[in-house]
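The values are calculated or read from the model by the stated rules, or taken from the named source; none is laboratory data. Because the structure is predicted, anything quoted here is derived from the model rather than measured. Don't worry about glycine lacking a Cβ; one is built from the backbone with ideal geometry, like all the others, and counts go over all protein chains shown. We work out accessible area using only protein heavy atoms, side chains counted, and drop any ligands, DNA or RNA first. Shrake-Rupley method; radii C 1.70, N 1.55, O 1.52, S 1.80 Å.
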Protein chains: 2
Amino acid sequence: MEEVVLPTVSRVALCGGTHGNELSGVYLVRERLKRKVEEEEHISVVTVMSNPRAVQQCRRYTETDLNRCFTHATLSGPVTDKTPYEIVRSQELNTLLGPKGSPEAMDLVCDLHNTTANMGLCLIAYSDCDWISLHIYRYLQRQMSDIPVRFIHFDLPLNEAYSLDSVGKHGFAIEIGPQAHGVVRSNILSTMQEGVQQMLEWVRLFNSGTPFEGGKVDVYTMVKNVDYPRDFETRGITAAIHPQLQDRDFCLLRPNDPVFQTFSGETLKYTGTEPLYPFFINECAYYEKGIALSLARQRSVGIPSIRSEREGEQGKRKSSAEEMEEEEEIKGEMEEEGYQKLMEYGEESDSLNGQYK
Amino acid sequence: MEEVVLPTVSRVALCGGTHGNELSGVYLVRERLKRKVEEEEHISVVTVMSNPRAVQQCRRYTETDLNRCFTHATLSGPVTDKTPYEIVRSQELNTLLGPKGSPEAMDLVCDLHNTTANMGLCLIAYSDCDWISLHIYRYLQRQMSDIPVRFIHFDLPLNEAYSLDSVGKHGFAIEIGPQAHGVVRSNILSTMQEGVQQMLEWVRLFNSGTPFEGGKVDVYTMVKNVDYPRDFETRGITAAIHPQLQDRDFCLLRPNDPVFQTFSGETLKYTGTEPLYPFFINECAYYEKGIALSLARQRSVGIPSIRSEREGEQGKRKSSAEEMEEEEEIKGEMEEEGYQKLMEYGEESDSLNGQYK
């Protein structure tokens, strides 16, 4: 397969505090802002505290979840005196880091999150054919041997993509757990610091002309969310995640495996027919969203060799639209035999929207 | 040492949701209320959702921390339209379960809590000579072998005791962790359910005349709180609990052991001269209170054999004041050689007030 030449990643945004009680990102960003980090070699890094009001109150958000506000519809909606703070803020951030989908947008937006689930380090993105994100993913996997590194793919078009990282030309959330919201654990903070350093190191190498070989990576594509069992009348939950499933994120869930334990002690089993990979198991912030866990299908995705364009090559560069098309073509070539597109599972994908952290 | 004869424990209050985001107690109480549990043999159990507004919002409290409102001063203060909800609620609960210090008060008040710290199951109380509480503690230790069970003692007089359990004639909090606030983990919920069942079983046995032998128990007496290192100007924290201390609640902390790791990577060590036992390490709710961990001294406390008074013995029973005096005398007899009263450490006890969960 042909080597792909891509523009350098010159402008990077590093964001924390999009959820104000996810403290690793908050403290990492706060420390960087304090130290007034100089421009890195070949990269300009913009450090952003995304939701300072929520950070101040150590809450996920003040009026509405900021990390659901970056759809085209919300970003282009009218603002009045009564518009929730987070919607106003999403438009500010879009001006600062985007505008989303425009040539002025940041080359890479990385948004830092924590989860109460035992997920290790995950990159979460909307594309499984963004070679920059997937190469960074593989680099982190290789450089960070002390923690599992995984890639979660939410299959949504750009205009429906709702989270801050979707504002960049490339982008992903870095999600690390388990960590209670409102708490900072030094091991989780160190992991995040290392993840960020390795990501910037990859960008530095890429920009300086280092070629990166192609190969295959495992990607977890979101299939559906599962809610807690609830009381028919009160809608209160009537069960907790089963002890045999708790903390087992990314361990294959097979038909008839235990999923819930009701408060009266009964075990409820997985009734699906397809074995899938659970993640965001018992995430604190998802109780209000009606999500007890999410389920993904694992796929092996081929990625081409890449390098950054050299001076003088720019003339030969294709337009963004052509690039996207080419990526899709390469992806088509590389798809595994037997891989079925997510959209074939139409009945399972209704619950996809607006539900990832 | 002489056997002590005590009145039966006929009226028990079981409370949850004093902090609305500590979900084990919330769900345990909710389930009991649903099932409309009948009167137990020899015991009347009143089940109470302490702070329904905070439970509704899944927050620790709505206006002020309910579990700091049970001092004599707060309970007897005036109420106006502007009085915080939790203060109004504390007076309602005092009417329902107390009044504190009166003969009408519940015989036993047990209040259910969770912590993000790795504390196992702790009973937390204001007295180290309340034989009922200490015998229940020893019973739980013996019956529940799969989790460490400990007793924490806050040495405050009754009128300064600030938590809900201080409203009963006997009382303690049951504190279980680690569990992220806003999350229910089935293993932690099961442990709490078992703790409550064992406690009620002990009360049943005691009331039916079963004698309980004396002996010794380990008690952790609170010495002082330690705050996070903070920025001199902004007062923001500049360090997290050191990875070598995180999750090591009740493991002896010796002079020069690591306590914090600053966000720039420096290790800060324990500068005290006395080895002490840390607990509530990195408890989420204590960031706002300026507590990174608490430190306790471990002591062996002697407890006498006890049994409940039989019918006809009541005439011989002493007044409450006489009982208290006798307990103090027995405690005096039983104190270990070399045990120094907490109050000798006057300079360390300034920070004791208002700071336990």
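Roughly how compact is chain A, stated as its Cα Rg over 2.2 N^0.38 Å to two decimals?
Values: Rg = 20.2 Å, N = 357, 2.2 N^0.38 = 20.5 Å.
That works out to 0.99 for chain A.
Please work out the C-alpha center-to-center distance from region B:206-233 to region B:162-198 and express it in whole Å.
14 Å
Hey, for A:L252 with labels 7 Å out along Cα-Cβ, what do the inter-copy distances come to in nm, ordered shortest first?
4.9
By the scheme Lys and Arg +1, Asp and Glu -1, what is the net charge of all other residues having a beta-carbon under 10 Å from that of A:T210?
On the way: positive: A:R204, A:R307; negative: none.
Local charge sum for A:T210: +2.
How big is the C-alpha Rg of the protein assembly as shown next to the rule-of-thumb value 2.2 N^0.38 Å, as a ratio?
Details: Rg = 28.7 Å, N = 714, 2.2 N^0.38 = 26.7 Å.
That works out to 1.08 for the protein assembly as shown.
In nm to one decimal, list the spacings between the B:I147 label point and its equivalents in the other copies, with label points set 7 Å along Cα to Cβ, shortest first.
2.8
What net charge do the residues around B:P258 carry, taking every other residue with its C-beta under 14 Å from that of B:P258, with Lys and Arg at +1 and Asp and Glu at -1? Mind showing how you got there, number by number?
Numbers: positive: B:R248, B:R254, B:K269; negative: B:D247, B:D257, B:E266.
Around B:P258, the surrounding residues sum to 0.
Would you mind checking the pairs B:K216/B:K289; B:K224/B:K269; A:K289/B:K82; B:K169/B:K216 and listing those with alpha carbons more than 25 angstrom apart? The partial results should precede the final answer.
Working: B:K216/B:K289 34 Å; B:K224/B:K269 16 Å; A:K289/B:K82 33 Å; B:K169/B:K216 23 Å.
With Cα atoms farther than 25 Å apart: B:K216/B:K289; A:K289/B:K82.
Using a 1.4 angstrom probe on the protein heavy atoms only, line up B:H181, A:H72 by accessible area, largest first. Numbers along the way, then the final one.
Values: B:H181 25, A:H72 75 Å².
Result of the area sort, largest leading: A:H72, B:H181.
For chain B, modelled as a Gaussian network with Cα springs under 10 Å, which listed residue fluctuates most, B:M119, B:M144, B:M49?
B:M144
What nm distances, shortest first, do you get from the label point of A:E309 to those in the other copies when the point sits 7 angstrom along Cα to Cβ?
9.3
Nearest 100 Å² is fine: what is the total accessible surface buried where chains A and B meet, probe 1.4 Å? Display every interim value, and only then the final one.
Details: alone 16120 and 16120 Å², together 29910 Å².
Result for this pair: about 2300 Å² buried.
In Å², what does the accessible area per residue of region A:4-220 work out to with a 1.4 Å probe?
Numbers: 7620 Å² over 217 residues.
Result: 35 Å² of accessible area for each residue.
Give the range of the longest stretch in chain B that excludes all chymotrypsin sites (Phe, Trp or Tyr not before Pro) found in loop regions by DSSP and having at most 13 other beta-carbon atoms within 10 Å. Write out the running numbers ahead of the final one.
Working: sites that count: B:F232, B:Y339.
The longest uninterrupted stretch comes out as B:1-231.
Can you work out the Karplus-derived ³J(HN,Hα) for every residue in region A:232-243? Use 6.51 cos²θ - 1.76 cosθ + 1.60 with θ = phi - 60°, whole Hz, and x for glycine or proline.
4, 8, 7, 6, x, 6, 10, 7, 10, 3, 5, x
Give me the extension gain from A:E63 to A:E3: residue separation times 0.36 nm, minus the current Cα-Cα distance, reported in nm with one decimal.
Working: separation 60, 0.36 × 60 = 21.60 nm, distance 4.66 nm.
Gain on extension, A:E63 to A:E3, equals 16.9 nm.
Normalised by the empirical 2.2 N^0.38 Å for globular proteins, what value does the Cα Rg of region B:39-126 take? Please report the intermediate quantities before stating the final value.
Details: Rg = 14.6 Å, N = 88, 2.2 N^0.38 = 12.1 Å.
The reported ratio for this selection is 1.21.
Assuming a viscosity of 1.567 mPa s and a temperature of 4 °C, what translational diffusion coefficient in µm² per second does Stokes-Einstein assign to region A:145-209, Rh being the Kirkwood radius over Cα pairs? Intermediate results must be reported in sequence, preceding the final value.
Working: Rh = 14.2 Å.
Reported coefficient: 91 µm²/s.
Which residues belonging to region A:272-300 lose at least 10 Å² of 1.4 Å-probe accessible area when the assembly is complete, relative to their chain isolated?
When all protein chains are present, A:N282, A:C284, A:Y287 each give up 10 Å² or more of accessible surface.
Going through region A:76-129, which GluC sites (Glu not before Pro) have at most 15 other Cβ atoms within 10 Å and a DSSP loop state? All intermediate terms of the calculation are to be shown ahead of the outcome.
Working: sites: A:E86, A:E92, A:E104; in loops: A:E104.
Passing sites in region A:76-129 are A:E104.
Only bridges with both residues in the protein assembly as shown count here: give the DSSP antiparallel percent, nearest 5.
Counting DSSP beta bridges with both partners in the protein assembly as shown, the antiparallel share is about 50 percent.
What do the square roots of 5 times the Cα gyration tensor eigenvalues come to for region A:80-232, in whole Å, largest first, as semi-axes of the equivalent ellipsoid? Before the final figure, lay out the partial values.
Numbers: eigenvalues 128, 101, 56 Å².
Whole-Å semi-axes of the equivalent ellipsoid: 25, 23, 17.
Express the carbon and sulfur contribution to the solvent-accessible surface of chain B as a percent, rounded to the nearest whole number, probe 1.4 angstrom. Let's see the in-between values first.
Values: 6960 of 14950 Å².
About 47 percent, which is the carbon plus sulfur part of the accessible surface.
Over region B:4-220, what is the percentage of antiparallel beta bridges among all DSSP beta bridges, to the nearest 5?
20 percent
Can you give the net charge of the other residues whose Cβ lies under 10 Å from the Cβ of A:P178, counting K and R as +1 and D and E as -1?
On the way: positive: A:R185; negative: A:D247, A:D249, A:E283.
Here the charged neighbours net out to -2.
Grab the residue from chain B whose Cβ hugs the B-to-A rotation axis most tightly, plus its distance in whole angstrom.
Checking which Cβ lies nearest the axis yields B:A180, 2.
Can you compute the FRET efficiency between A:R310 and A:E92 using 1/(1 + (r/R0)^6), with r the Cβ-Cβ distance and R0 = 30 Å? Round to the nearest 0.05.
Numbers: r = 36 Å, r/R0 = 1.21.
Step by step, r from the Cβ atoms, then E = 0.25.
Can you pull the Kirkwood radius for region A:223-298, inverse mean 1/r over Cα pairs, to one decimal in Å?
Answer for region A:223-298: a Kirkwood hydrodynamic radius of 12.5 Å.
What angle, in degrees between 0 and 90 and rounded to the nearest 10, separates the Cα long axis of helix B:131-143 from the longest principal axis of the Cα atoms of chain B?
70 degrees
Count, for each residue of A:259-268, the Cβ atoms from other chains sitting within 10 Å of its Cβ, then give me the mean as a whole number. Present the calculation step by step, with values, prior to reporting the outcome.
Details: counts 0, 1, 4, 2, 10, 3, 3, 0, 0, 0.
What the average comes to for A:259-268 is 2.
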